[in-house]
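Chemist: First the structure, then my questions, so here it is.
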Amino acid sequence: LGLKDQTAGGRLTYDLAAFGMLRDDAQLSQSSQAVANDPNTFVFTTDNGDAQMIGLEASGVLTVRAGLNLHASLGLLSARIDRWQIRPEVEGRDLAHAPSYTANIGASWTGPAGWSARLDVNAVDAFYFDLSNDKRSSSYRLVNLRVAKSWASWTVTLWARNLFDESYATRGFFFGN
């Protein structure tokens, strides 16, 4: 279910989306070490279970003045395992890689003589790495910056992702050894 609109005069454009999903017989995967301290017994198993997701996403762009825009977005998510016969202890827990929020706020500028810049701050909530264990990421925030100069047929861009060199984990594993 969604809505896209803009204010009179077009200074503010925005969109909203709400969604829900019930997954019957979802393929859920786990890994395990069959024999403690023996990494050669590491196996992956996929089995069916039930899960549900509901969420809300919103974003908007505000034109402050010609060449200067502010933008923001927010995503909210609840993604849970309802039933999983081989792992009933995780029923009710969040699905892996499903942070409860993601957010972005930033500004972009287009100036005279082909100059432009963009600054973004992104935030991600903590999330489980895997269904096999309870290891979670930490929530984190990243700052990205881009400055560019364009001419008629080419552009030079200087950009920095993760400008402040924030350490964050995107994958995590647990081994019994």
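The values are calculated or read from the model by the stated rules, or taken from the named source; none is laboratory data. What you see is a predicted model, and the numbers here were worked out from it, not measured in a lab. We place every Cβ from the backbone using ideal geometry, glycine too, and count neighbours over all the protein chains shown. Quick note on the areas: whole protein, heavy atoms, side chains included, nothing else; ligands and nucleic acids left out. Shrake-Rupley method; radii C 1.70, N 1.55, O 1.52, S 1.80 Å.
Chemist: Phe129: net charge of surrounding residues, Cβ under 10 Å, Lys/Arg +1, Asp/Glu -1, itself excluded?
Modeler: Numbers: positive: Lys135, Arg136, Arg171; negative: Asp130, Asp134.
With Lys, Arg at +1 and Asp, Glu at -1, the net is +1.
Chemist: How much net charge surrounds Gly2 when only the other residues with a Cβ under 10 Å from the Cβ of Gly2 are counted, with Lys and Arg +1 and Asp and Glu -1?
Modeler: On the way: positive: Lys4; negative: Asp15, Glu57.
Within the 10 Å Cβ shell, the charges total -1.
Chemist: OK, next. Counting only protein heavy atoms, what percent of the accessible surface of the chain is carbon or sulfur at a 1.4 Å probe?
Modeler: On the way: 6400 of 11310 Å².
For the chain, the apolar C and S fraction of the accessible surface comes to 57 percent.
Chemist: With a cap of 13 neighbouring Cβ atoms within 10 Å, and only residues DSSP puts in a loop, list the chymotrypsin sites (Phe, Trp or Tyr not before Pro) found in region 93-163. Working shown, then result.
Modeler: Working: sites: Tyr101, Trp109, Trp115, Phe127, Tyr128, Phe129, Tyr140, Trp151, Trp154, Trp159; in loops: Phe127, Phe129, Trp151, Trp154.
Filter output for region 93-163: Trp151, Trp154.
Chemist: Something else about it: Only Lys, Arg, Asp and Glu count, each charged at its Cβ (+1, +1, -1, -1), so figure out the dipole size of region 91-138 about its Cα centre, rounded to 20 debye. Write down the numbers at each step before the final one.
Modeler: Details: 4 positive and 6 negative charges, 42 e Å.
With only Lys, Arg, Asp and Glu charged at Cβ, the dipole is about 200 debye.
Chemist: Let me ask something additional. So what is the accessible area of the chain per residue, in Å², with the probe set to 1.4 Å? Working shown, then result.
Modeler: Numbers: 11310 Å² over 177 residues.
So the chain comes to 64 Å² accessible per residue, rounded to a whole number.
Chemist: Can you sort Asp5, Asp120 by 1.4 Å-probe accessible area, starting with the largest?
Modeler: Asp5, Asp120
Chemist: Also, I was wondering about something else. Once you keep just the Cα pairs under 8 angstrom separated by 6 or more residues, what percentage relative contact order results for the chain?
Modeler: On the way: 419 pairs, mean separation 28.0, N = 177.
Once divided by the residue count of the chain, the mean separation gives 16 percent.
Chemist: Assign unit charges at the C-beta atoms only (+1 for Lys and Arg, -1 for Asp and Glu), then state the dipole size of the chain relative to its Cα centre in Debye, rounded to the nearest 20. Don't skip to the answer; put the middle values down first.
Modeler: On the way: 16 positive and 18 negative charges, 199 e Å.
About 960 debye.
Chemist: So what are the chain's ellipsoid semi-axes, whole angstrom, largest first, if each one is the square root of 5 times an eigenvalue of the alpha-carbon gyration tensor? Mind showing how you got there, number by number?
Modeler: Details: eigenvalues 342, 104, 28 Å².
Rounded to whole Å, the semi-axes are 41, 23, 12.
Chemist: Name the GluC sites (Glu not before Pro) in region 81-173 that are in a loop by DSSP and that have at most 10 other C-beta atoms within 10 Å, would you? Can you show the working numbers first?
Modeler: On the way: sites: Glu89, Glu91, Glu166; in loops: Glu91, Glu166.
When the GluC sites (Glu not before Pro) of region 81-173 are filtered for loop state and at most 10 Cβ neighbours within 10 Å, Glu166 remain.
Chemist: What do you reckon, how do Lys135, Lys149 stack up by accessible area (1.4 Å probe), largest on top? Walk me through the numbers before you get to the answer.
Modeler: Details: Lys135 95, Lys149 35 Å².
Largest accessible area first, the list is Lys135, Lys149.
Chemist: Right, next: With +1 on each Lys and Arg Cβ and -1 on each Asp and Glu Cβ, and nothing else charged, work out how big the dipole of region 123-172 is about its Cα centre, in Debye to the nearest 20. If you can, show how the numbers build up before the last one.
Modeler: On the way: 7 positive and 5 negative charges, 46 e Å.
About 220 debye.
Chemist: Would you work out which of Phe19, Ser108, Thr170 lies farthest towards the positive end of the dipole of the chain? Charges go on Cβ: Lys and Arg +1, Asp and Glu -1.
Modeler: So the residue furthest toward the plus end is Ser108.
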